[in-house]
Amino acid sequence: MTLADELAYTTLSSLTSRIRRREVSPVEVVDAFIERINTRNPAVNAFVCEDFERAHDEAINAERAITSSCEVGPLHGIPVAIKDLFSSKPGTAMTMGGVRALKDNITQHRCIFSERIEQAGAIIVGKTNSPVMGFRGTCDNYLFGPSRNPFCLSKN
């Protein structure tokens, strides 16, 4: 089993503990999640915007903080994704779940959720597919296509 496969089913509390005990580094964790996303996303279509290079750079900084015994937040080094319903960073796209009129929308700010999750130490790796305006239980996105159930690809 690869580290990416192992970490995919690790609980958040276990993962944060392993990072703090230096059993696994933030770089290893972020890179493993990026590997898993690259492997699974072509079939699942969960990620619509990837920011892997920046996430890797942030993981390097997170690792430096751990090795320097700096005080870190509760989500330090944990990779997360933000729904395409929220502005994650200035200069990134946000279509509110595939609203055609927003296909070229670039945000000038970040939402409070994104800001606070990063303050807690999380590393945003990208944005995920969402139903239009978040109003459906299934994701039939007009701009990016439907996302699929990772356990049964024939389902949405």
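The values are calculated or read from the model by the stated rules, or taken from the named source; none is laboratory data. This one's a predicted model, so the numbers in the text were calculated from it and none came from an experiment. Cβ placement follows ideal geometry from the backbone for every residue including glycine, while neighbour counts extend to all protein chains displayed.
Can you find even one residue in region 72-81 that is in a loop (DSSP other than H, G, I, E, B), farther than 22 Å from S114 by Cβ and either of a type in the set (A, V, I, L, M, F, W, C) or at pLDDT 95 or above (or both)? For region 72-81, residues in a loop (DSSP other than H, G, I, E, B), farther than 22 Å from S114 by Cβ and either of a type in the set (A, V, I, L, M, F, W, C) or at pLDDT 95 or above (or both): absent. Note on region 28-45: residues that are surrounded by 18 or more Cβ atoms within 10 Å (Cβ to Cβ) and either under 23 Å from T67 (Cβ atoms) or small (G, A, S) (or both) total 7. Against the list (1) in contact with a Lys or Arg (Cβ under 7 Å, 6 or more places away or on another chain); (2) at pLDDT 90 or above, the condition G145 fails is (1).
Conditions (1) of a type in the set (V, I, T); (2) touching a residue at least 24 places away in the same chain (Cβ under 8 Å); (3) touching a Ser or Thr at 6+ places or on another chain (Cβ under 9 Å), marked per residue:
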site: I37; (1), (2), (3): yes, yes, no
site: N41; (1), (2), (3): no, no, no
site: N45; (1), (2), (3): no, yes, yes
site: V48; (1), (2), (3): yes, yes, yes
site: E58; (1), (2), (3): no, yes, no
site: R64; (1), (2), (3): no, no, no
site: G73; (1), (2), (3): no, yes, no
site: I82; (1), (2), (3): yes, yes, yes
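Restricting attention to region 97-134, the residues being touching a residue at least 12 places away in the same chain (Cβ under 8 Å), in a loop (DSSP other than H, G, I, E, B) and either on the phi < 0 side of the Ramachandran plot or charged (D, E, K, R) (or both) number 13.
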